């Protein structure tokens, strides 16, 4: 199958690219290199079934041209702003990079008659709902970040485009994704801070923020299993892991991985890192577990395995 990945040179996209090529697919990656990098996918550059294109997925005309030129049959739409804290200071980042990219992909697919879509959504669409086990059919979705709002708007457009144009779409609501190639987030930030000052670590909030972290290889396993299952219409899945990990626990794991002891933690206070941050959430994973998929790593294991790769690289 001829597949387009938007955001294909990013952290998740580069991992997914390798798996799709292993399965015999032709893969075209589109990336504007804001967060992605050609180095992430350099290992594939001599593969005849692979193309890397520098383009902006928010450009509808460019997307249509690429979809036509490469006779794309299915789209894996990963392109988005994934730095929620950054977009909290500039809503336009998420409007363009998270929502407009989705519109451009959908419109390009409509014009070209492409009927298969995979979309990377997020837990942020649910908003801040402490104590509630989140199900895919939960009502009253009220995002508290611009990122969550742009992803929920994208899901709504996918629903309407699917109905109007006969698309089949799989939507995964990701938790926090980590692993080799990580470029930002709490683990990355802690390592960089400790490299500058090994004796002190500033921690946003009070350290009790507690979320599930999924290892990127486990996430790609789920994508490969569900996205090609042939489901009709729009299918939405929470994608998650067993357990969760607090920010304080991540700090402890980072210090251990870096061989540091006696680090003084300095908390900025409050139960969240920044406005728009959801300090804790818990998924109901019954739907995806019914497919037979389960994550190979717990949340703690995902953090520790990530640190084996990231500490040396940052």
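Specify whether the C-alpha gyration tensor of segment 246-288 places it in the rounded, prolate or oblate class, a ≥ b ≥ c being the square roots of the eigenvalues: rounded for a/c under 1.5, otherwise prolate if a/b is larger than b/c and oblate if not.
Numbers: a/c = 4.21, a/b = 1.52, b/c = 2.78.
Here segment 246-288 falls in the oblate category.
Nearest 10 degrees, 0 to 90: what angle lies between the long axis of helix 11-22 and the longest principal axis of the chain (Cα atoms)?
50 degrees
Out of all DSSP beta bridges in the chain, what portion is antiparallel? Express it as a percent rounded to 5.
5 percent
Which semi-axis lengths, in whole Å and largest first, follow from the square roots of five times the eigenvalues of the Cα gyration tensor of the chain? Don't skip to the answer; put the middle values down first.
On the way: eigenvalues 203, 95, 66 Å².
Working through the eigenvalues yields semi-axes of 32, 22, 18 Å.
Go through 179-186, 19-26, 128-135 and give me the packing order, highest mean Cβ count within 10 Å leading.
Ranking the peptides 179-186, 19-26, 128-135 by packing returns 179-186, 19-26, 128-135.
First check a/c for segment 24-116, with a ≥ b ≥ c the square roots of the eigenvalues of its C-alpha gyration tensor; if it is under 1.5, answer rounded, and if not, answer prolate when a/b is larger than b/c or oblate otherwise. Each step should come with its number before you reach the end.
Working: a/c = 2.46, a/b = 1.26, b/c = 1.95.
It is oblate, given that a/c is not under 1.5 and a/b is not larger than b/c.
Pick out which of 299, 261, 235 has the largest mean-square fluctuation in a Gaussian network model of the chain, springs linking Cα atoms closer than 10 Å.
Largest GNM mean-square fluctuation: 261.
Which order do the peptides 69-77, 264-272 come out in when sorted by mean C-beta neighbours inside 10 angstrom, highest first? The partial results should precede the final answer.
Working: 69-77: 19.6, 264-272: 12.8.
Packing proxy ranking, top to bottom: 69-77, 264-272.
Of the beta bridges DSSP finds with both residues in segment 175-314, what % are antiparallel, to the nearest 5?
Details: 2 of 10 bridges.
Antiparallel: roughly 20 percent of the beta bridges in segment 175-314.
What is the Cα centroid distance between segment 191-221 and segment 283-297, reported in whole angstrom?
When both Cα centres are located, 24 Å separates them.
What number, rounded to the nearest 500 deg cm²/dmol, is the helix-based mean residue ellipticity at 222 nm of the chain, given -39500 (n - 2.57) per DSSP H run of at least four residues and division by all its residues?
Numbers: 11 runs with 115 residues, N = 314.
-11000 deg cm²/dmol, from helical runs alone.
Could you state the number of Å between the C-alpha centres of segment 40-76 and segment 1-25?
10 Å
Every read-out reported here was derived from the displayed coordinates using simple, explicitly stated rules and does not represent laboratory data. These numbers come from a predicted model, not from an experiment. Cβ atoms come from the backbone with ideal geometry, glycine included; neighbour counts cover every protein chain shown.
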